[in-house]
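Accompanying notes for the structure given below.
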Amino acid sequence: MSSLDSHADNPYLAHHFETEEQQTESCTLGMWLFLAQEVMFFGGLFLAYAIYRSLYPEAWSAGSHTLDVVVGGINTVFLLLSSFTMAMGVYYAQTGKQKQLALMLLATLALGITFVTVKWFFEYAPKIEAGVFPGKLWAPNPANHHYGQLAFFEGQGLQMFFLLYFVMTGMHALHMIIGFGILLVLIVMTMQGKFHAQRYLPILFFGLYWHFVDIVWVFLFPMFYLVS
Amino acid sequence: MSTEHLVEPSADFPVRDYGPPRVHYLNWRHTIASWLLSRDHKRIGIMYLVSISIFFVVGSLFAAIFRLELLTPEGDFLQADTYNKFFTLHGVVMIFFFLIPSIPAVLGNFLIPLMIGAKDVAFPKLNLASWYIFMVGGTIGVAIILLGGLDTGWTFYTPLSSSYANTHVFLAAMLVFITGFSSILTGLNFLVTIHKMRAPGLTWFRLPLFIWAHYATSVIQVLGTPVLAITVFLVGIERIWGVGIFDPALGGDPILFQHMFWFYSHPAVYIMILPGMGVISEVIACFSRNRVFGYEFIAFSSVAIAIIGFLVWGHHMYVSGQSMYANLVFSLLTMLVAVPSAIKIFNWTATLYKGNVIWETPMLYAVGFIGLFGIGGGTGLFLGTTGLDVPLHDTYFVVAHFHYVMVGGMVMAYLAGIHFWWPKITGKMYAQTPAKISAIVVFVGFNFTFFPQFLAGWNGMPRRYHSYNADFQIWNVLSTAGATVLGIGFLMPAFYLGWSLFFGKDAGSNPWGARGLEWEACTSPPIPHNFEEIPVVTQEAYAYTGEETVSV
């Protein structure tokens, strides 16, 4: 029975797995299933987007023209760079270079925080201030030089565009913020020397998650910023 | 680990009977923390068993109260508003806190690792987390009840739920969102466990059909539930922000809500029946001492139900204004999804043929299941036709139909499973006579409760009203009388199963003479890590010879 309780020879192998290979494969499959679940979760929002865009094409075009492509584009670059640093992090984890790994995770965190900060100060806050926030706060000022033109499309699905904009990019940002928390834990664990060439799966899996979140943005950017 | 323990059931190799072990999963630690922090799939299964039993009692009490109200055509002690809350809470509690977790979270959790020869599920901590998430959802459910209830129906149709209801819809959206993630994590855990944790020699086509059924269920849980989560999330947003994503007055489309809701909630009815079908396959094979007829067909029919089940949601929406052509396609696909269910029914029946049928308690429940699920599924086809659905839509015919599937099907299967594996789970055998009587009382009470509802609905009685035309009273009196009998039938197991815990005799490792790793390679109750040595499987499932003996 003792041989079943734990693996004295391998502290990284949980008691209920027989081999390290089995453990690795199980965790990998679990992670991909989690991402499949995420695809379905965002899928509901993409469906709503498709329906309402086909119902209200003019409002979509007008709403899209008020979004700042430059800010959105720069943010896209930040995010893609963070994916690159994350991929490098996974590489350094696999090759057991702990210092470089910590650096790459820090860079990923910094780029991610930059994205969310830019999003808030250059995109969300000005819109909320100008009354371009759907629901009870909705009151776009016709005299506003940037959002004034929207008044023409009032009542034709304009709120729906901004509702989906806030919900979808907000849900994306929420996934990033959850990622920041996990990144912090991973950075601390890296500094404690918990990851090396024999144990890097948490880094690999967080990388998968981070790339997934980035890919969502790669879809969101053209869907909201580049509608004509 | 090096010594190989061969499981080779055959007539001249008698089924091993390990005595009750000195240390097993129930007694190896006694503190409360050892339960609440346990990562043992068996203990987590027991925690789910206790939780959902409490929710089942709560949900039944709601039903008891409105069944009493429906004795007379007038509204007597429940008025419309209160009545709406009672049937809504009955539905929400029974679906999210009983039917969906019932077999997967209790029996699935307990049995999947035992059946596939593993020491635990693939992610034990996640398994425990899913129970806590479930309980957070349950706490919100209790809060909703204490704060004044919910009156939208369990379907949360917009714009009623988003614009008009003055009850706790936002909390209910949170409840569904959170409880859903418990279900997703359970499904994810089972998928990985079934893929990666099988014992040596246990190939896909040697797996018990219980495992195939849970595999199909888990696929639906992982891929369907997140869509419901995002849908109720949007309803919640609509209520707190005052936006109109499903509100036609603000440019939204309420039909979109119905599409998104049923995209999950139709597959969800297969979450609520597929695991039951898995139980029935085990019980029928054991008590007819036969290999399940057409094993591969039953295995693949579970997978087929999971796949086709994702494509039939529109049959809930024939009268919603959905396109006529969409109705036709959904109707056709609905006929198609009935085929794999029918295959199972025919194959179970064929398994009985020339078998040594033994009428133990689980078998009584299982045979009851076949008949009641046959009626429930068959009337589903009535409702799946585009013409007949129009007059029957939102009548008691629909209520009777889905109760035949959910109670006549899933609850019967759940009870069959509980009675079948109770000696394995607790190590104790219950008294047979009261158990057999309870199976018959449940069957009779169930039919008296719900068959009159078919007739009331066929004659046009609409669902969801607290008062009704006096012409329908006879059916309602019958139904309430039947519900009383059914309630007694459901209470009986609490007594004789409870009694068996303290006074029951030791069951032995295999009282039914059943095949399968959980019976042949495991003690009753199982030891903390399930197996002394990881078994090696050399045979297909259900290798019954007809010479196994029952010792109860």
Task: Test item: B:221-227 mean partner chain Cβ contacts at 10 Å - done: 5
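Hand me the tally of lysine pairs in chain A: alpha carbons under 21 angstrom apart, and the pair either on different chains or 8 or more positions apart. Before the final figure, lay out the partial values.
Working: A:K97/A:K194; A:K99/A:K194; A:K119/A:K127; A:K127/A:K136.
Going through chain A pair by pair, I get 4.
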- [ ] Beta carbons within 10 angstrom, averaged per residue: use that to sort the peptides B:476-486, B:210-220, A:149-159, highest first.
- [x] B:210-220, B:476-486, A:149-159
Task: Karplus 3J(HN,Hα) series, Hz, for segment B:228-241 with 6.51 cos²θ - 1.76 cosθ + 1.60 (x for Gly, Pro) - done: 5, 4, 5, 5, 6, 4, 5, 4, x, 4, 4, 6, 7, 8
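What does the charge count around A:A93 come to, taking other residues whose C-beta lies under 13 Å from its C-beta (Lys +1, Arg +1, Asp -1, Glu -1)? Before the final figure, lay out the partial values.
On the way: positive: A:K97, A:K99, A:K194, A:R199; negative: none.
Summing Lys and Arg as +1 and Asp and Glu as -1 gives +4.
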- [ ] Rank-order B:283-294, B:317-328 by packing density, defined as the average count of other C-beta atoms within 10 Å over each peptide's residues, highest first.
- [x] B:283-294, B:317-328
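At a 10 angstrom cut-off on C-beta neighbours, averaged per residue, how do the peptides B:419-428, B:443-452, B:100-109 rank from highest to lowest? Display every interim value, and only then the final one.
Values: B:419-428: 23.5, B:443-452: 20.7, B:100-109: 27.8.
Peptide ranking by packing, descending: B:100-109, B:419-428, B:443-452.
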Open item on the list: Let me check I've understood the local charge: for B:P20, count other residues with C-beta under 10 angstrom from its C-beta, Lys and Arg +1, Asp and Glu -1. What total comes out?
Closed with: +1
Task: Once exposed loop GluC sites (Glu not before Pro) are cut out (DSSP; at most 16 other Cβ, 10 Å), longest piece of chain B - done: B:75-531
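Within segment A:1-105, report the chymotrypsin sites (Phe, Trp or Tyr not before Pro) that DSSP leaves as loop and that have at most 15 other Cβ atoms within 10 Å.
Details: sites: A:Y12, A:F17, A:W32, A:F34, A:F41, A:F42, A:F46, A:Y49, A:Y52, A:W60, A:F78, A:F84, A:Y91, A:Y92; in loops: A:Y12, A:F17.
Listed in order of number, the matching sites are A:Y12.
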TODO: Round to a whole angstrom and tell me the spacing of the C-alpha centers of segment B:77-130 and segment B:474-530.
DONE: 18 Å
Task: 11 Å beta-carbon shell around B:G117, net charge (K/R +1, D/E -1) - done: -1
TODO: Give me the compactness ratio for segment A:133-228, meaning the Cα radius of gyration over 2.2 N^0.38 Å.
DONE: 1.60
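Report, to one decimal in Å, the Kirkwood hydrodynamic radius for chain B based on all distinct Cα pairs. Can you show the working numbers first?
Values: mean 1/r = 0.0417 Å⁻¹.
The answer is 24.0 Å.
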- [ ] Hey, could you grab the Kirkwood Rh for the protein assembly as shown? Inverse mean 1/r over distinct alpha carbon pairs, Å, one decimal.
- [x] 28.2 Å
Task: Percent RCO, i.e. relative contact order, over chain B, from Cα pairs under 8 Å lying at least 6 residues apart - done: 23 percent
Task: Residue-wise HN-Hα coupling along segment B:521-537, computed from phi with Karplus coefficients 6.51, -1.76, 1.60 (Hz; x: Gly, Pro) - done: 10, 10, 7, 10, x, x, 6, x, 9, 6, 10, 5, 9, 5, x, 10, 9
Open item on the list: Taking each residue in A:38-46, count the Cβ atoms of any other chain within 10 Å of its Cβ, then average. What number comes out?
Closed with: 6
Task: Exercise: per-residue mean of other protein chain Cβ atoms within 10 Å, B:228-240 - done: 3
TODO: Give me the Debye-computed log₁₀ of I(q)/I(0) at q = 0.11 Å⁻¹ for segment A:36-225, equal point scatterers on Cα only, no solvent, two decimals.
DONE: -0.56
Open item on the list: Checking the cross-link filter: which lysines have an alpha carbon closer than 25 Å to that of B:K119, excluding same-chain neighbours under 8 positions apart?
Closed with: B:K42, B:K196, B:K424, B:K428
- [ ] Any chance you could give the angle, 0 to 90 degrees and rounded to 10, that helix B:295-308 forms with the longest Cα principal axis of chain B?
- [x] 30 degrees
Task: Label-point separation in nm, B:T549 to B:M324, each point 7 Å along Cα→Cβ - done: 6.9 nm
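Just so you know, all these numbers are worked out from the coordinates, no wet-lab data involved. Computed from a predicted structure; not experimentally measured. Note that we place each Cβ from the backbone using ideal geometry, even for glycine, and neighbour counts take in every protein chain shown.
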